[in-house]
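These notes concern the structure reproduced below.
Please treat every number below as a calculation from the coordinates, not as lab data. Since this is a predicted model, take the numbers as computed values, not measurements. Counting neighbours? That spans all protein chains shown, and the Cβs are built from the backbone with ideal geometry, glycine included.
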Amino acid sequence: MCKKNSYLISLVLGCLSFHSCNSDIKMEQKPNIILILADDFGYMDTREYAKHTLGTGTGEMFYETPNLDRLVNEGVAFERAYATQLCAPTRASILTGKYAARLGFTTATPYRKTYYNQGLEVPEGSYAHDVLYHGDNIKIQQALINGGTNTAVPAGTQYDKGRDEISIAESLPDYHSAFIGKWHLGGHGAAGYTPADQGFETIAWFDAGGSPYFNWRKGWNNRSMENHPNMPQKEWLVGDAGDETGEEYLTDDLTVQALRYLDKRAEVKDQPFFLYFCHFAVHGPWQGKKQDIEYFDNKTTKGWNGHHDARYASMIRSLDNSVGKILNKLEETGMEENTLIIFMSDNGGIDDDVEPNGFITDNYPLTGGKACLTEGGIRVPLIFKWKGKIKEGQWCKIAVDCTDILPTIVEAAGYNAESFYDELDVDGQSILGLLSDVENKSQSYKRDTRYWHYPFNVIYNNPYDGLPLTPHSAIMEGDYKLIFDWHGRLKLFNVTSDLSETQNLAKQMPEKTNELFRKLMNWLDEEVRDTYWPKPNQEYDALKDLHDEPFVNLVKIYREGGNVAKAAN
């Protein structure tokens, strides 16, 4: 019997009697679960998060999120919830409960050449769905060349060489699981890596980083192999637009697809469901509905906190309306009290100071945005609502992250989450106990350390020097986060007392800096394959480098036993 099948049997046999061992939440029956994942939606893009952070009245703000505000006020909102810096890595972590870099997901790619889709032999140490190369058109000198990245979560095909990750849907064997929206985990249309291959009924989906919001259906339904002649499959499995809804705007269409699914499940009394609803909103291209754009263009609060893009505001409105319709449908069908709703974003918002074209949103007082390992890039909204099961209107200050979502859902569904950690070596831990104990007084949640790895030179600007981002990795332990810029810079912040990350403590606290750097390197050595590390650029010309600080090879200094905190810029 394969490991996956034996695990699933043990999971069913280990099912708890609807009472979590880490939580005071009691259930008479298995709950329905809806996970709504937004795309590129910033921490300050939700009014209640902005109000909680700055103390500003919601009426003064530019964006409008009444339904997300309702979700916050009727549930538990997490003040320090973390994703990765980009969408595909976060999705890999949510799907598997593991750090994305362990799976090789170090960035998010548009369609790129991989060993699989080019029909090439896979080199030792690489994976069939690794990209051959991914990089931005950066003109300045780069001391390091980019590491690699994976594009598909192993699903047990012949190309996976025995690897087969247990997905979030496969972890709920008693549930009917369905997927809607953005996938971006399937090797850019590879056979055997669709949501259906990971345990979901597919309703409408697309395996790409972005999608047009108008006239998208032809692209989603494209099966032609014309541009993929070396792909070893009969048709390109990039997506399926699903049934016609009559909606012209993508966010509205996907919402109707979700509402239809909920209507169907309301008629099924003997099986709970898990709906994983991944919006493309508010990812580019930035296209909104005309009447909404006009409304925000004329709004008097335009410009509050740097929020001024009417297209973006209109896309937020459509996303928020979708959440409201889901909430209303649960009330209408009588499923509200037995449904756990989770809302999260996959990474921080695209900040004006980081985005090369200088528009979209502003994450202030958080520094940086999408693609950064500063708070603006990885701190995201995370909200749980479960009527009658958790106290309303609570904020939790305990740090959690996207790897915690899967074990939380497993425990909420009545399975033994502790055995899940042991069986599958997940990095996350259930945060179900925090929903009834937001201060973690019972110590049900014990995680205190988390990691990030982004081995790329990126066209997005470094928020501290304005030049293209260089490869970064990071570790957070308690209130302290160490960001390792592979160009030779270290930044140590206390993110609780210094939310904006303006006070670099790396030189003031050298012992802490060296300790965290050692732990980060140990994790990278043990968990991240060499192919996903940045490498020295043999053509680098230091005399032409535009950085104020010279390149310092801190990894080499560390390997030789040197004082990294002292040597760093």
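General observations
- With contacts taken as Cα pairs under 8 Å and at least 6 residues apart, the chain reaches a relative contact order of 23 percent.
- Pairs of Lys in segment 451-567 closer than 23 Å at Cα, counting only those 8 or more apart or on different chains: 25
- Remark: segment 326-334, residue by residue, has Karplus-estimated 3J(HN,Hα) of 5, 4, 5, 5, 5, 5, 4, 8, x Hz, where x stands for each Gly or Pro and the curve is 6.51 cos²θ - 1.76 cosθ + 1.60 at θ = phi - 60°.
- Cross-link pairs exceeding 30 Å in C-alpha to C-alpha distance, out of K98/K234; K289/K387; K218/K299; K51/K387; K98/K325, comprise K98/K234; K289/K387; K218/K299; K98/K325.
- Segment 451-567: relative contact order in percent, alpha carbon pairs under 8 Å with at least 6 residues between: 21
- Under a 5 Å amide H cut-off, with hydrogens placed 1.01 Å from N, S177 pairs with E201, F274 among residues at least 5 apart or on other chains.
- Packing-based order for 480-492, 48-60, using average beta carbon neighbours within 10 Å, highest first: 480-492, 48-60
- Rounded to the nearest 20 debye, dipole of the chain from Cβ charges on Lys, Arg, Asp, Glu: 400
- Counted over the chain, the DSSP beta bridges are approximately 55% antiparallel.
- Cβ crowding within 10 Å averaged over residues, with 113-125, 179-191, 219-231, 247-259 ranked highest first: 179-191, 247-259, 113-125, 219-231
- Of the residues G466, W286, H52, the one whose Cα sits farthest toward the positive end of the charge dipole of the chain, with +1 on the Cβ of Lys and Arg and -1 on the Cβ of Asp and Glu, is G466.
- For the peptides 29-37, 541-549, residues were scored by their other Cβ atoms within 10 Å and the scores averaged per peptide; the highest-first order is 29-37, 541-549.
- Per DSSP, loop GluC sites (Glu not before Pro) in segment 266-362 with at most 13 further Cβ within 10 Å: E267
- Within the same chain, aspartates and glutamates fewer than 8 places from K397 are excluded, and of the rest, those with a Cα less than 12 Å from its Cα are E79, D437, E439, D479.
- Given +1 at the Cβ of Lys and Arg, -1 at the Cβ of Asp and Glu and no other charges, the dipole of segment 388-516 around its Cα centre is 380 debye to the nearest 20.
- Residue by residue, segment 247-260 carries 3J(HN,Hα) couplings of 7, 9, 10, 4, 4, 5, 4, 4, 5, 4, 4, 5, 5, 4 Hz when phi is fed to the Karplus relation 6.51 cos²θ - 1.76 cosθ + 1.60 (θ = phi - 60°); x denotes Gly or Pro.
- In order through segment 153-163: 3J(HN,Hα) via Karplus (6.51 cos²θ - 1.76 cosθ + 1.60), integer Hz, x for Gly, Pro: 7, x, 10, x, 7, 5, 7, 8, 6, x, 8
- Charge context of S430, other residues only, Cβ under 13 angstrom, K/R +1, D/E -1: -4
- For segment 504-527 and segment 37-109, distance of Cα centres in Å: 27
- Across the options F200, N569, T90, the greatest Cα extent toward the positive end of the charge dipole of the chain (unit charges at beta carbon of Lys, Arg, Asp, Glu) belongs to N569.
- Farthest towards the positive end of the charge dipole of the chain, among the residues T157, T408, L35, is the Cα of T157, using unit charges on the Cβ of Lys, Arg, Asp and Glu.
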